[in-house]
Amino acid sequence: MNAVASPSSDNQFVIAKFGGTSVADYHAMNKSADVVLANENVRIVVLSASAGITNLLVALAEGCEIDKRDELLQQVRDIQYSIVDHLDNANIIREEIDRLLDNIARLADAASLATSAALTDELVSHGELMSTLLFVELLRQRNANSEWLDIRRVMKTNDQFGRAEPDLIQLSALAKEHIQPKLANAIVITQGFIGQDNKGRTTTLGRGGSDYTAALLGESLNLNRVDIWTDVPGIYTTDPRVVPSAQRIDQIAFNEAAEMATFGAKILHPATLLPAVRAGIPVFVGSSKAPEAGGTLVCDETQNPPQFRALTLRRKQTLLTLHSLKMLHARGFLAEIFTILSRHHISVDLITTSEVSIALTLDTTGSTNTNGSLLTNALMTELSALCRVEVEENLALVAIIGNSLSQVNGLGKQIFGALESFNIRMISYGASTHNICLLVPGDDAEEIVRTLHKNLFE
């Protein structure tokens with residue numbers, strides 16, 4: 001395919017995001033390139049790191065002995081070299097990759113002496129930098145006019161390392177300045193997941209943030225559609241790896257998909273849909289390995305939405321139970337608890353209260369702490385000064401996603417009758433008509449999902 005031909009108008013442009021498995025090796029990258037070049041309207045491509053790279057970089061960022069560092073670095077090198085070796089200009093691109101590998105080694109040495117969230121973000125960002133450099137070279141090899149862009153020129157964020165929040169005003173202005181003029185004549189290849197604070201330090205948007213990057217750019221540039229390419233051809237009624245009989249959803253409304261993403265559906269990052277909803281941009285989800293299989297279109301609304309749409313599962317949930325007689329007929333106790341949690345940058349998922357107790361869940365799946373816990377000593381000390389604290393871990397959140405669930409007669413019997421042989425630790429229902437959330441033991445979670453799917457969908 002030759003240099004990009006201009007489509008009829010700017011508002012037809014599409015942004016395509018490819019996940020780690022879609023750029024895992026040379027063959028996967030070529031399949032992704034097929035997808036890009038098959039649609040002349042795809043003008044921006046956002047990439048994750050090659051599959052496995054981010055985990056290796058996180059391990060290096062946590063600090064380790066020199067032998068372990070060398071082993072991890074060699075694994076990173078092997079994954080990237082396996083792609084480099086297939087490229088026409090292998091020697092030139094190898095120099096670029098080697099430069100980044102040297103940076104990784106230097107940062108890993110620093111992490112072995114002292115770890116920090118800022119150092120982790122700087123180190124982990126190299127995965128996306130490498131995959132995008134390789135992809136640009138692959139497209140050029142196929143005679144496509146492509147340009148590499150460092151997203152940090154555009155994606156300005158705060159300094160909340162590990163979970164940085166983009167500055168939407170700056171993003172919009174900088175995207176129009178640095179990206180929009182290129183779209184008429186080239187395919188712009190850039191990184192998901194990473195950004196830069198106002199001091200020039202690299203930040204990350206959290207795991208899965210490449211989806212968010214794509215949606216934010218789609219909103220900023222008023223694009224026609226956001227395409228999310230992964231290893232699954234669309235969104236299913238639940239994870240097909242847990243329930244092989246799960247069914248694909250061909251079209252789903254924003255609010256349903258947002259509930260699914262929020263409560264653990266890995267196919268989309270929880271924040272992805274927010275920019276798309278704001279801008280009214282549809283999101284397509286498909287498989288880069290089998291684009292002909294179709295996928296799922298996420299749009300404003302669908303015709304005749306079903307009562308039960310999907311089941312999601314989110315692991316690594318922590319239940320925090322706070323007991324205090326001070327709560328009895330008192331004012332301000334909850335406010336004080338949430339002020340402490342806010343001070344420690346912790347958001348609460350579910351909450352239930354009684355006269356003298358509060359039970360709330362914390363999602364630790366995105367935690368960058370070495371032990372995966374958000375419960376630091378400082379936080380526990382502050383909470384313990386107010387009340388007695390109990391912590392339960394190894395829990396999972398199962399969410400039943402649907403429409404107008406509060407109007408379904410006999411809903412409790414349908415759900416809890418099917419689960420009578422399981423222990424349900426906590427239930428959240430009523431705050432939304434779109435979900436019912438069950439906190440369950442982690443060891444039972446998959447069997448609970450299979451049981452519910454059989455009863456509600458099959």
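The values are calculated or read from the model by the stated rules, or taken from the named source; none is laboratory data. Model, not experiment: these values are computed from the prediction. Note: ideal-geometry Cβ built from the backbone for every residue, glycine included; neighbour counts use all protein chains shown. We work out accessible area using only protein heavy atoms, side chains counted, and drop any ligands, DNA or RNA first. Shrake-Rupley method; radii C 1.70, N 1.55, O 1.52, S 1.80 Å.
The figure for Thr230 is an accessible area of roughly 30 square angstrom, using a 1.4 Å probe on the protein chains alone.
Taking a ≥ b ≥ c as the square roots of the eigenvalues of the Cα gyration tensor of region 309-457, is the shape rounded (a/c under 1.5), prolate (a/b larger than b/c) or oblate?
Numbers: a/c = 2.25, a/b = 1.59, b/c = 1.41.
Prolate is the answer for region 309-457, as a/c is 1.5 or above and a/b outweighs b/c.
The simple spin-label model puts a point 7 Å past each Cα toward its Cβ; for Ser357 and Ser116 those points are separated by 4.3 nm.
Would you mind checking Lys17/Lys316; Lys266/Lys413; Lys17/Lys266; Lys316/Lys413 for any pair whose Cα atoms are more than 22 angstrom apart? The partial results should precede the final answer.
On the way: Lys17/Lys316 27 Å; Lys266/Lys413 29 Å; Lys17/Lys266 15 Å; Lys316/Lys413 28 Å.
From Lys17/Lys316; Lys266/Lys413; Lys17/Lys266; Lys316/Lys413, over 22 Å: Lys17/Lys316; Lys266/Lys413; Lys316/Lys413.
In the chain, taking the dipole from charged Cβ atoms about the Cα centre, the farthest positive-side position among Met327, Asn55, Leu149 is held by Met327. The heavy atoms of Glu390 offer some 70 square angstrom of accessible surface to a 1.4 angstrom probe.
With a 1.4 Å probe and all protein chains in place, put His453, His345 in order of accessible area, largest first.
Values: His453 0, His345 130 Å².
Of His453, His345, the descending order of accessible area is His345, His453.
Can you sort Arg248, Arg152 by 1.4 Å-probe accessible area, starting with the largest? Each step should come with its number before you reach the end.
On the way: Arg248 85, Arg152 40 Å².
Ranking Arg248, Arg152 by accessible area, largest first, yields Arg248, Arg152.
Its alpha carbons considered, region 46-108 gives a radius of gyration followed by a Dmax of 12.1, 37 Å.
Rounded to the nearest 10 degrees, what's the angle between the helix 126-141 long axis and the longest principal axis of the chain, both from Cα atoms, 0 to 90? Once rounded, one gets 40 degrees. When both region 103-124 and region 160-203 are represented by their alpha-carbon centers, they are found 23 Å apart. If you roll a 1.4 Å probe over region 14-230 with all protein chains in place, what percent of the accessible area is carbon or sulfur? The C+S portion of the solvent-accessible surface of region 14-230 is 46 percent.
Taken one residue at a time, the phi angles of region 239-256 give Karplus couplings (6.51, -1.76, 1.60, θ = phi - 60°) of 5, x, 6, 8, 10, x, 8, 4, 10, 6, 9, 6, 9, 9, 7, 3, 5, 5 Hz. Gly and Pro are set to x. Taking the charge dipole of the chain about its Cα centre, with +1 at Lys and Arg Cβ atoms and -1 at Asp and Glu Cβ atoms, the residue from Phe338, Phe193, Phe161 reaching farthest to the positive side is Phe338. Take the Cβ atoms of Glu177 and Phe416, set R0 to 51 Å, and the FRET efficiency comes out at 0.40.
Here the extension length gained between Ser404 and Gln74 equals 113.5 nm, from 0.36 nm per residue of separation less the Cα-Cα distance. The long axis of helix 377-386 is offset from the longest Cα principal axis of the chain by roughly 20 degrees. Under a model in which nothing but the beta-carbon of Lys, Arg (+1) and Asp, Glu (-1) is charged, the chain shows a dipole of about 740 debye around its Cα centre.
Solvent-accessible area per residue in the chain equals 44 Å², computed with a 1.4 angstrom probe and all protein chains kept. Residue order by solvent-accessible surface for Asp121, Asp88 is Asp88, Asp121, largest first, with ligands and nucleic acids left out and a 1.4 Å probe.
Using only DSSP helix segments of four residues or longer, with each worth -39500 (n - 2.57), what per-residue ellipticity at 222 nm results for the chain after dividing by its residue count and rounding to 500? Write out the running numbers ahead of the final one.
Numbers: 14 runs with 169 residues, N = 458.
Computed ellipticity for the chain at 222 nm equals -11500 deg cm²/dmol.
Angle of helix 90-113 to the longest C-alpha principal axis of the chain, folded into 0 to 90 degrees and rounded to 10: 40°.
Counting only heavy atoms of the protein chains and using a 1.4 Å probe, Leu328 has close to 80 Å² of accessible surface.
Note on His86 and Met380: the model spin-label points, each 7 Å out from Cα along the C-beta direction, lie 4.8 nm apart.
Let me know the shape class of region 302-359, please: from the alpha-carbon gyration tensor, a ≥ b ≥ c as square roots of the eigenvalues, rounded when a/c is under 1.5, otherwise prolate if a/b is greater than b/c, or oblate.
Working: a/c = 2.57, a/b = 2.05, b/c = 1.25.
Prolate.
Per-residue 3J(HN,Hα) values for region 14-31, derived from phi via the Karplus relation 6.51 cos²θ - 1.76 cosθ + 1.60 with θ = phi - 60°, read 10, 9, 10, 10, 10, x, x, 6, 7, 10, 5, 8, 4, 4, 5, 4, 5, 4 Hz in sequence order (x marks Gly and Pro).
Ligands, DNA and RNA left out, the accessible area of region 309-457 computed with a 1.4 Å probe is 48% carbon and sulfur.
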